[in-house]
Amino acid sequence: MGYVIQGETGDWELVIGLEVHAQVTSKSKLFSGAATSFGAEPNTEVSLVDAAMPGMLPVINEYCVEQAIRTGLGLKAQINKTSVFARKNYFYADLPQGYQISQYDQPIVGEGTIILDMKDGSTRTIGIERLHLEQDAGKSLHDQHPQKSFIDLNRAGTALMEIVSKPDMRSPEEAAAYVTKLRSILRYLGTCDGNMAEGSMRCDINVSVRKAGEPYRTRAEIKNVNSIRFMFQAIEYEARRQIDIYEEGGEVVQETRLYDATKGETRSMRSKENAHDYRYFPDPDLLPLVLSDEEIASIKSTLPELPDEKKERFMRDYQLNAYDAGVLVADQESAHFFESVAKGRDPKLAANWVMGDFFGALNRLGKEISDPPVTAANLGALVDLIADNTLSGRLAKEVFELMVETGKAPGDIVEEKGLRQVTDTGAIEASIAEVLAANPDKVAEYRSGKDKLFGFFVGQVMKATAGKANPALVNEILKKQLG
Amino acid sequence: MSLDKDTVKKLATLARLDLPEAELTHLAGELSNIMQFVEQLGEVNTDGVAPMTSVAHMTLPRRKDEVTDGGYPERVLANAPDAMDGFYTVPKVVE
């Protein structure tokens, strides 16, 4: 059951390919020693190389090369031992060189794969076409002056990895899962911070539609999509637009379109009319980039355990289902937090608490897992108190809320507030006897077949014991006494 | 290979050169001559030789990831005709 869009002439299928630009987390630029920090004063992080002054020569940053290799290895991709930098020629106000130094027919990284974790726990394998290194452009500000655009070159020359997928995605959900997974892998590797809001990860989307079984039709490229939510909207809008054109007897033209988030539409970018005529040629200022086997092997030996391997291990060692494991490994901090809680305890119970109440509290308080309202050690101690029957699930929730409020250890809260659950059968029997004695009519009704009243009795007993009676014991004894 | 007038016109547009119509034919001839001169290289037998982008037997030198440059907006903007508030300015380019 694939994703289809219904048109007047039948069902249409979506074909999506993504080009993700990921900014390398380097201190200095790809070809110059200027800094790369976000939000600096305009044109303060610009060298004469970045400003394309005559006679300046680019020298490559070795760290950026290593990060591209590292990312390629993380994507299980082929690393090309010889790659070549090329000039991609176009004119734009924020591109002082008149060309972008990029890689064309010999990129540093070739084909790889990425595995998507879908919401229903299933997986999809998407091909990676290539990864290459290139320079970012500067930034144009259009809202500073009525007649002028302002240009800040701080971003010009910053290292980007352009990661190109194969046209393997068939729904907006898959495209979103792709970006989510790619961001997770980049963060695990530490090669890009994946911050879409600050623009350190940006997405161009290639969209086309077709009838089932057809070859690919003409695609449009959508630029300027800076969140996963907008990506969804842009794809849905663009697919509908193309279907309408075909169904009215028209043809889709290959072009670059801009996503306008305020209007929720895509529109043609006329400035990019000749955009596909970049007249690439090898950059005469740069020799081919040659890598040795030793260099590649030494980077490989420092790769962390990546999300897919971690997920597999969590499913194997902790018996988690695919969905839970996928959620927990999405970032390293969550995975580490879970493992600290689960160590030596019931992993399923630990997973439920981490993903349920704990993630809930993070969301509610707007906190990051790096600054948790409840430490992993304390959450672990809470799980212990549930496991040894000191707390019922219901009391545990109460204790958890107090832990969030006070930051105290669960053991201390239980002692202070006297929240220990009652597992003394004598005491529970006494409470039950009282409840039954106080409600003789309900007891009679229950015994004459009104089973639903059982819940009423449980509620009354819990109320009488201030919620501290062990629910399992209450159920058991009640059944016996009523039966 | 020879270039026709339309190709020269397109190249001029891509290079942002404002060429008068009258010059196009003349330039097409000149550019074609240059290309024909370079095309003589096609006579050399290159069977079994991998395409190369450089004749120097060197690989790309690399530098360390250190901040060693920048921090001089006044130098960067020194030749800008109409700098404002630390920015270059250009006629508004909005999509």
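Some notes on this structure:
- Residue list for the range B:58-95, restricted to those being more than 7 Å from chain A (Cβ to nearest Cβ) and of a type in the set (S, T, N, Q): B:79
- Residue in the range B:5-25 that is closer than 26 Å to residue A:157 by Cα, basic (Lys, Arg) and either open to solvent by 80 Å² or more (accessible area, probe 1.4 Å) or part of a loop (DSSP other than H, G, I, E, B) (or both) present: yes
- Any hit, the range A:427-436, residues being over 23 Å from residue A:338 (Cβ atoms), in the same structural domain as residue A:477 (by TED's automatic domain parsing) and part of a loop (DSSP other than H, G, I, E, B): no
- Restricting the range A:43-58 to residues that are at the interface with chain B (Cβ under 8 Å from one of its Cβ atoms) and more than 34 Å from the chain's Cα centre (by Cα), the residue that is surrounded by the fewest Cβ atoms within 10 Å (Cβ to Cβ): A:48
- Residue A:282 falls short on exactly one of the conditions (1) open to solvent by 40 Å² or more (accessible area, probe 1.4 Å); (2) modelled with pLDDT of 95 or more; (3) in the same structural domain as residue A:233 (by TED's automatic domain parsing), and that condition is (2).
- Residue among A:71, A:82 that is more than 7 Å from chain B (Cβ to nearest Cβ), surrounded by fewer than 16 Cβ atoms within 10 Å (Cβ to Cβ) and β-branched (Val, Ile, Thr): A:82
- Here the range A:134-152 is the region considered, the condition is being buried (at least 17 other Cβ atoms within 10 Å of the Cβ) and within 7 Å of chain B (Cβ to nearest Cβ), and the residue that is farthest from the chain's Cα centre (by Cα) is A:148.
- Pick from the range A:59-68, criterion touching a residue at least 40 places away in the same chain (Cβ under 8 Å) and of a type outside the set (D, E, K, R), ranking: farthest from the other protein chains (Cβ to nearest Cβ): A:68
- Within the range A:86-130, the residues that satisfy the criterion of being over 29 Å from residue A:171 (Cα atoms), part of a strand (DSSP E or B) and touching a Ser or Thr at 6+ places or on another chain (Cβ under 9 Å) are A:86, A:87, A:88, A:103.
- Test: residue in the range A:173-189 that is farther than 20 Å from residue A:71 by Cβ and in contact with a strand residue (DSSP E or B) (Cβ under 8 Å, 6 or more places away or on another chain): yes
- The number of residues in the range B:51-74 being at pLDDT below 95, open to solvent by 70 Å² or more (accessible area, probe 1.4 Å) and among the hydrophobic types (A, V, I, L, M, F, W, C) comes to 3.
- Consider the range A:287-306 and keep the residues that are under 19 Å from residue A:107 (Cβ atoms) and of a type in the set (Val, Ile, Thr). The one that is nearest to the chain's Cα centre (by Cα) is A:299.
- Any chance residue A:50 is in contact with a Ser or Thr (Cβ under 6 Å, 6 or more places away or on another chain), in contact (Cβ under 8 Å) with a residue 40 or more places away in the chain, part of a loop (DSSP other than H, G, I, E, B) and within 28 Å of residue A:228 (Cβ to Cβ): no
- Filter pass, residue A:163 being within 19 Å of residue A:117 (Cβ to Cβ), of a type outside the set (D, E, K, R), at pLDDT 95 or above and assigned to a strand (DSSP E or B): yes
- Residue check, residue A:302 of a type in the set (Ser, Thr, Tyr), farther than 21 Å from residue A:199 by Cβ and part of a loop (DSSP other than H, G, I, E, B): yes
- Looking only at the range A:255-273, and only at residues there that are surrounded by 13 or more Cβ atoms within 10 Å (Cβ to Cβ) and assigned to a loop (DSSP other than H, G, I, E, B), the one that is modelled with the highest pLDDT: A:261
The values are calculated or read from the model by the stated rules, or taken from the named source; none is laboratory data. Since we're looking at a predicted model, the values are computed, not measured. Methodologically, a virtual Cβ is constructed for each residue, glycine included, from the backbone with ideal geometry; neighbour enumeration extends over all protein chains shown. We work out accessible area using only protein heavy atoms, side chains counted, and drop any ligands, DNA or RNA first. Shrake-Rupley method; radii C 1.70, N 1.55, O 1.52, S 1.80 Å.
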